[in-house]
Amino acid sequence: MERNPIKELSANWQLYSMAVPGLAFFALFSYYPLLWLQVAFRDFNIMDGAWHSSWIWFDNFKFFFQSQFFFRVTFNTVYINLWFILVGTFTSVLLAILLNEIKCTRIKKLYQSALFLPFFLSWIVIGAFLYNMLGESYGTVNTLLTELGLATVPWYSEPRLWRPILVAVNTWHSAGYGVVIYLSTIVSINSELYEAAQIDGANRFQQVRSITIPHLIPTITIMVLMAIGRVFYGNFGMFYALIGDNGLLFPTTDIIDTYIFRAMRMNGTYGMATAVGLYQSIIGFAVVLLSNKLAKRYDNSMGLF
């Protein structure tokens with residue numbers, strides 16, 4: 001029998017009151033700002049404010065969709081993020097499996113800490129480090145190329161080089177975080193399965209293929225689904241720290257997030273920037289629903305919800 005909500009609240013008001021701070025936080029910082037989405041449909045004027053600027057409805061969206069930037073920033077965002085997911089997942093799983101094969105606990109902890117360390121570095125620090133490596137005049141790489149008698153590379157003037165660079169830097173930065181998650185899953189696998197496989201004559205590679213990887217698939221699926229949910233969102237801190245306002249690299253590195261930032265900072269077009277952000281959120285939400293549905297169709301236990 002369903003209980004009356006009023007009676008439920010009155011009987012357990014102490015428990016429900018504990019949720020008030022969390023509900024207030026989300027109401028203030030997640031739901032209240034949604035009222036300002038109307039800026040996407042207005043010709044926003046800072047003097048008139050969001051509530052008194054004139055309505056232009058879908059003109060901001062039309063301007064963005066008809067511009068030369070629509071396809072470029074959308075493609076770059078999705079393409080680079082897919083490579084992040086593919087290379088990052090493969091690297092994290094591979095490193096987790098290799099770490100698990102190390103029997104010496106001290107060495108395993110040393111390698112794990114070394115892999116996890118880059119995750120704590122600021123993107124500003126990484127950007128400075130990368131510039132010292134790839135700087136055209138005094139960068140370490142070009143200096144070595146000069147000493148070897150080879151031609152130097154204008155790294156910060158060649159857009160075609162930067163997608164692989166971004167994928168490599170992102171993998172180096174975040175692989176350690178994934179290793180911790182996948183390694184914890186491997187450790188939780190019942191050791192009796194490996195013992196039984198050894199008795200049947202399976203070598204280490206066969207044990208990894210038949211036991212470790214199948215047990216990792218549910219965790220990999222969840223991690224990939226969570227990453228796909230943000231495939232239309234770029235890591236703004238990373239892109240702006242590594243690329244900045246270098247227009248020469250925009251053809252292959254300009255993403256939706258950096259485009260929105262420039263639209264507000266340089267052009268002051270808050271209405272169009274809000275419209276692009278709303279477009280990004282709607283498409284991202286649709287991708288989450290679609291990817292979750294496909295995962296559940298493959299295996300009902302693999303969905304996020």
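The values are calculated or read from the model by the stated rules, or taken from the named source; none is laboratory data. This one's a predicted model, so the numbers in the text were calculated from it and none came from an experiment. Positions of Cβ are backbone-derived with ideal geometry, glycine not excepted, and every protein chain shown enters the neighbour counts. With ligands, DNA and RNA removed, areas are computed over all heavy atoms of the protein, side chains included. Shrake-Rupley method; radii C 1.70, N 1.55, O 1.52, S 1.80 Å.
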- [ ] Determine the calculated [θ] at 222 nm for the chain from helices alone, applying -39500 (n - 2.57) to every DSSP H run no shorter than 4 residues and normalising by the residue count; nearest 500 deg cm²/dmol.
- [x] -20000 deg cm²/dmol
TODO: For region 62-130 and region 200-271, write down the distance between their C-alpha centroids in whole Å.
DONE: 7 Å
TODO: Work out, step by step, the length gained on full extension between L34 and Y233: first 0.36 nm times the residue separation, then minus their alpha carbon distance; give nm to one decimal.
DONE: 69.8 nm
TODO: Return the FRET efficiency for the residue pair S188, S113: r is the Cβ-Cβ distance, R0 is 35 Å, and the value is rounded to the nearest 0.05.
DONE: 0.95
Open item on the list: Can you compute the charge dipole magnitude of the chain about its Cα centre, using +1 on each Lys and Arg Cβ and -1 on each Asp and Glu Cβ, nothing else charged? Give it in debye, rounded to the nearest 20.
Closed with: 360 debye
Task: Computed label-point distance, nm, for sites L148 and A27 using a 7 Å Cα→Cβ extension - done: 6.3 nm
Open item on the list: Within 10 Å, at most 16 other Cβ atoms, and a DSSP state outside H, G, I, E, B define an exposed site. Report the longest part of the chain free of exposed trypsin sites (Lys or Arg not before Pro).
Closed with: 104-229
Task: Residues E195 and I282, FRET efficiency given R0 of 51 Å [Cβ-Cβ distance, rounded to 0.05] - done: 0.50
- [ ] Quantify, in whole percent, the carbon and sulfur part of the accessible surface of region 163-305 (1.4 Å probe; protein heavy atoms only).
- [x] 64 percent
Task: Theoretical gain in end-to-end length, W57 to L15 [0.36 nm per residue, Cα-Cα removed] - done: 10.7 nm
